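J.: Pasting a structure below so you can have a look.
The values are calculated or read from the model by the stated rules, or taken from the named source; none is laboratory data. Since we're looking at a predicted model, the values are computed, not measured. Ideal geometry is used to build each Cβ from the backbone, glycine not excepted, and the neighbour counts take in all protein chains shown. With ligands, DNA and RNA removed, areas are computed over all heavy atoms of the protein, side chains included. Shrake-Rupley method; radii C 1.70, N 1.55, O 1.52, S 1.80 Å.
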Amino acid sequence: MQYNGWKARGAILWLAQQMDVPAIPLIWPMIYLAERRYLSKMGIFMLGDSFVAMQNGPVPLRTYTEFHFKAGCWKGERSSAHLDAWLKRAASKIEPWELLCRFTRAEQRCLEVALKEVQGLGESGLRRLVKGAAWQRAGPDGILDPLEVAKEGGADAGTLDYLLRWREQPYLIEMGPQFTVL
């Protein structure tokens, strides 16, 4: 599946709207947990993004990059408080239903469950929740293996078999809705 920046921005903003004080360090774990749940059920990531293991847990690579460029800071040029303030301003400019209409009901449910999972957790509890086997076994480039993420999320045997077969097809290159054989 190709990366869907429109959905990624919608997920960030909707999650920020649901928080009393929007904080980007909490958004990334919520997106990871929602994606893990969705991958475990459907066999694909809902945003089409890959996850990279960072110090505080997995982060959606393209979404993270896009967010930092859009917010006007990169590599620590501005503080976390700046990012949180930018996020609060951006989230207040759009209605929640306008964001949720970007997602299927199954995707909405995954976002809602992830939000509930993270709320009320302390920093150590949150790290334990997201720094599982997939994070620990990230490849040399830091990218998490979707098969490991699905296992960690409790995927059934059929989903794991599907992901394993898809991973073993290196000659397939995604080109929009169809696949092309080299």
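J.: Take region 2-16 and flag every residue that is outside any loop (DSSP other than H, G, I, E, B) and open to solvent by 20 Å² or more (accessible area, probe 1.4 Å).
T.: Those that are outside any loop (DSSP other than H, G, I, E, B) and open to solvent by 20 Å² or more (accessible area, probe 1.4 Å): TRP6, LYS7, ARG9, LEU13.
J.: Read through the list (1) outside any helix (DSSP H, G or I); (2) modelled with pLDDT of 90 or more, then give the number of the only condition that VAL149 fails.
T.: (1)
J.: Being of a type in the set (Ser, Thr, Tyr), surrounded by fewer than 21 Cβ atoms within 10 Å (Cβ to Cβ) and at pLDDT 80 or above is true for just one of SER80, SER40. Which residue is that?
T.: Of SER80, SER40, the one residue that is of a type in the set (Ser, Thr, Tyr), surrounded by fewer than 21 Cβ atoms within 10 Å (Cβ to Cβ) and at pLDDT 80 or above is SER40.
J.: Follow-up question, since we're still on this one. Give me a count of the residues in region 84-97 that are open to solvent by less than 70 Å² (accessible area, probe 1.4 Å) and either among the polar types (S, T, N, Q) or in a helix (DSSP H, G or I) (or both).
T.: Number of matching residues: 7.
J.: Among the residues of region 1-36, how many are over 12 Å from the mean Cα position of the chain (by Cα) and either over 14 Å from ASP49 (Cα atoms) or of a type in the set (Ser, Thr, Tyr) (or both)?
T.: Looking only at that region, the number is 12.
J.: Being at pLDDT below 90 and acidic (Asp, Glu) is the filter; apply it to region 89-140 and report the residue that is farthest from LYS7 (Cα to Cα).
T.: Applying the filter and picking the extreme gives GLU123.
J.: Check off (1) without any contact (Cβ under 8 Å) to a residue 60 or more places away in the chain; (2) surrounded by fewer than 17 Cβ atoms within 10 Å (Cβ to Cβ) for LYS151 and give me the number that stays unchecked.
T.: With (1) without any contact (Cβ under 8 Å) to a residue 60 or more places away in the chain; (2) surrounded by fewer than 17 Cβ atoms within 10 Å (Cβ to Cβ) applied to LYS151, the lone miss is (2).
J.: For region 17-27, give me each residue that is in a helix (DSSP H, G or I) and buried (at least 23 other Cβ atoms within 10 Å of the Cβ).
T.: The answer is ILE27, and nothing else.
J.: Consider only pairs whose beta carbons are under 8 Å apart and that are at least six residues apart or on different chains; among these, list those whose first residue lies in region 118-143 and is farther than 20 Å from GLY154 by Cβ and whose second residue is hydroxyl-bearing (Ser, Thr, Tyr).
T.: ILE143/SER50
J.: With the structure loaded, tell me whether GLU66 is at pLDDT below 90 and either part of a helix (DSSP H, G or I) or of a type outside the set (D, E, K, R) (or both) or whether it fails that test.
T.: Yes; evaluated as a whole, the condition is true for this residue.
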